[in-house]
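The values are calculated or read from the model by the stated rules, or taken from the named source; none is laboratory data. Everything quoted here is computed from the prediction, not taken from an experiment. Because the Cβ atoms are built from the backbone with ideal geometry, glycine has one as well, and the counts that use them run over all protein chains shown. Remember, those area values only see protein heavy atoms, side chains included, never the ligands or the DNA or RNA. Shrake-Rupley method; radii C 1.70, N 1.55, O 1.52, S 1.80 Å.
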Amino acid sequence: AAGEAEVRFLLQEARESIEAARSYRRELQQRLRGLHQAREQIKDSATLTRDVLEQHFSDLKGTLKKLLDERLMSLLQEVDVIEQESIKPLDECQKLIEHGVSTADDLLREGESAVDGDVGQQNEKLCNFTKKALHIQLDSLPEVPSLVDVPCLSAQLDDCLLTILKNQIFRHGTVASRPPVQLEEFVEKPGGILVRWCKVDDDFIAQDYRLQYRKSTASHFEDVYVGSETEFIVLHVDPNVDYQFRVCARGDGRQEWSPWSIPQIGRTTLVPHEWTTGLEGYSLSSRRNIALRNDSQSCGVLYSKAPTYFCGQTLTFRQVLFEIETVGQPDRRDSLGVCVEQRNGDDSLQRDKAVCISTNGAVFVNGKEMTNQLPAVTSGSTVTFDMEVVQLGPSSNEGGNFKLRVTISSNNREVVFDWVLDQCCGSLYFGCSFSYPGWKVLVF
């Protein structure tokens, strides 16, 4: 019996060692995959960086050659203009002198003929020659400019341009081993993803961030946010679909963007919040996340399509006015809030099994107004609801008292209270009601 116990003990130890070896092997294989991914990331990013550098400097060389050719052509044209403008008066002077030489030649021949002619005609020829010579004004000579008075073209080329270009080129471009910002966290939202990022380079002072995303099946990223915040909710994404995100930053006082962060995958499994269709007093956007109180006289509570608000989420209502010139009057029955169930026939959420805020800032819990009040809801206001479950004993999930810790925030102020219900509620409806037209509600 003792021998059998020892064998069983040894078998148990062997099995545990085998399982430990399997676990160890799985861990090593996972680390090998991590090393492979790291190696591939280094190789792929190095290849991409080479391509970017070669393309950039090829473009620079082409642009510089084009600019130098344009400058050379401009200077040559300037030489041509100066040459033509300077030679033109010399050509005119030359024509005048050549005409004078021709006239003098003719006059000489005529004078020699008059002097050497017969005596009978000599007096008349001499008289005509003398008159002609006086008329020509043989003492008038054209002005010829001296060499110091005419242009002498030359090119002034500053050799320091090469030094400046050399210094600029040698400082142009950098190679970074890692981006200064990286994606940090993805938080699922109904029909959206909250993306957070952070700096990983303490010496980098960021002025702006730029977030891009794309479906994993798409070929191009698109901008979704540019600003100074380090988080952003990307809305209108399809549930259970992978999206790829990347972020970069722009340094303080700089124009160029930093290298992109390592792309990461984010997704949401939560269906988007939608208003229910068919209520006469409200018009909905194509995505059914925006409700507009129209001119219909019909009133009532507009509920969500389904109980898509779960405890632990943040439900946000954003109020904007449809037209500033036609803002409807606020009414004490106006309300935004969350409820356990849809109930037809009510004209407000200020009832039992509901918590809400009125447009004047009053907070109602199960139809009773609280003493604490928030600022009035106006154009551009944002109202948020946060809830978490507070257990009240072992029977709380079996029909007994059920308590939710509720935080309602509006215009940088908030109220916190406990909402006691008679049943467990894992998901809730949201709703709104407005008595007058002009209110427009976006929920996300």
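Quick check on the chain: helices-only [θ] at 222 nm, where DSSP H runs of length 4 and up contribute -39,500 (n - 2.57) each and the sum goes over total residues. Nearest 500, please. The partial results should precede the final answer.
Numbers: 3 runs with 145 residues, N = 444.
Mean residue ellipticity, 222 nm, calculated: -12000 deg cm²/dmol.
Can you count the Lys pairs in the stretch 13-171 with C-alpha separation below 24 Å, eight or more apart or on different chains? Walk me through the numbers on the way to the answer.
On the way: Lys61/Lys166; Lys65/Lys166; Lys66/Lys166; Lys95/Lys132.
Lysine pair count for the stretch 13-171: 4.
Counting other Cβ atoms within 10 Å, which trypsin sites (Lys or Arg not before Pro) in the stretch 229-264 have at most 15 and lie in a DSSP loop? Walk me through the intermediate numbers first.
Details: sites: Arg246, Arg250, Arg254; in loops: Arg254.
Filter output for the stretch 229-264: Arg254.
Name the most mobile residue of Gln342, Gln94, Gln55, meaning the one with the largest mean-square fluctuation, in a Gaussian network model of the chain with Cα contacts below 10 Å.
Among Gln342, Gln94, Gln55, the largest GNM mean-square fluctuation belongs to Gln94.
If you compute volume of the Cα convex hull per residue in Å³ for the structure shown, which of (1) 153; (2) 381; (3) 261 do you land on?
Read-out from the structure maps to (2).
How many Å² of accessible area per residue for the chain, probe 1.4 Å?
Working: 29120 Å² over 444 residues.
Solvent-accessible surface per residue comes out at 66 Å².
Can you name the helices of the chain, as whole DSSP H runs, whose Cα span along the helix axis is 18 Å or more and whose Kyte-Doolittle mean is not below -1.0? Walk me through the numbers before you get to the answer.
Numbers: long enough: 2-116 (166 Å, -0.64); 119-136 (26 Å, -0.56).
Result, helices passing both filters: 2-116, 119-136.
Please report, as a whole percent, how much of the solvent-accessible surface of the chain comes from carbon and sulfur atoms (probe radius 1.4 Å).
The value for the chain is 52 percent carbon and sulfur by accessible area.
Ranked highest first by the average count of other Cβ atoms within 10 Å around their residues, in what order do 349-362, 226-239, 190-203 fall? Don't skip to the answer; put the middle values down first.
Numbers: 349-362: 22.1, 226-239: 14.6, 190-203: 16.8.
Sorting 349-362, 226-239, 190-203 by mean packing, highest first, produces 349-362, 190-203, 226-239.
With +1 on the Cβ of every Lys and Arg and -1 on the Cβ of every Asp and Glu, and nothing else charged, how large is the dipole of the chain about its Cα centre, in debye rounded to the nearest 20?
I would put it at about 2920 debye.
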